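Below is one structure, written out as structure tokens; comments come after it.
The values are calculated or read from the model by the stated rules, or taken from the named source; none is laboratory data. Everything numeric in this text was worked out from a predicted model, so none of it was measured. Using ideal geometry, Cβ is built from the backbone for each residue, glycine included, and neighbour counts are taken over all protein chains shown.
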Amino acid sequence: MRIIEPSISEREAEQQYPTQYWEGTKTKRSFDVTTDDLQDAYMRGREAEPCKEQVRAAAEALSAHMHEWAIDHGFDREVDNGFRCSCEVGGYTYKGLWAHLARVCLNAAREAVM
């Protein structure tokens, strides 16, 4: 039997809004919501600041893409993937630089839908 782990957002939602059951049963309680409630919840999700997991995933993708780009364009020196390098560029370590660029890109995408 394969166990499927809940996603980060599923775990956070369950923590924020625990499943409620009718007393003494395993029947889930239901609540009346309006379409306005659903629309508000959707908009809050769409417009939320990126979480650290999203920033990290985007930073890793940017770093990997840059590494591939450098190789494809014949750079002689090895380009680190950004998560082991201790070099600094403009006051950021490579890791910090990728995270900063990722956050900027994710925020620009978020603001585009607001």
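The figures follow:
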{"read-out": "Members of the range 8-41 that are in a loop (DSSP other than H, G, I, E, B) and loosely packed, with under 10 Cβ neighbours inside 10 Å", "value": "17, 18, 19, 23, 24, 25, 26, 27, 30, 31, 32, 34"}
{"read-out": "Flag if residue 75 is assigned to a loop (DSSP other than H, G, I, E, B), farther than 23 Å from residue 108 by Cα, at pLDDT below 75 and within 20 Å of the chain's Cα centre (by Cα)", "value": "no"}
{"read-out": "Index of the failed condition, residue 44 passing every other in (1) among the charged types (D, E, K, R); (2) surrounded by 10 or more Cβ atoms within 10 Å (Cβ to Cβ); (3) under 30 Å from residue 95 (Cα atoms)", "value": "(2)"}
{"read-out": "Number of positions in the range 42-57 that are in a loop (DSSP other than H, G, I, E, B) and within 12 Å of the chain's Cα centre (by Cα)", "value": "4"}
{"read-out": "Among the candidates 23, 60, residue that is acidic (Asp, Glu) and at pLDDT below 90", "value": "60"}
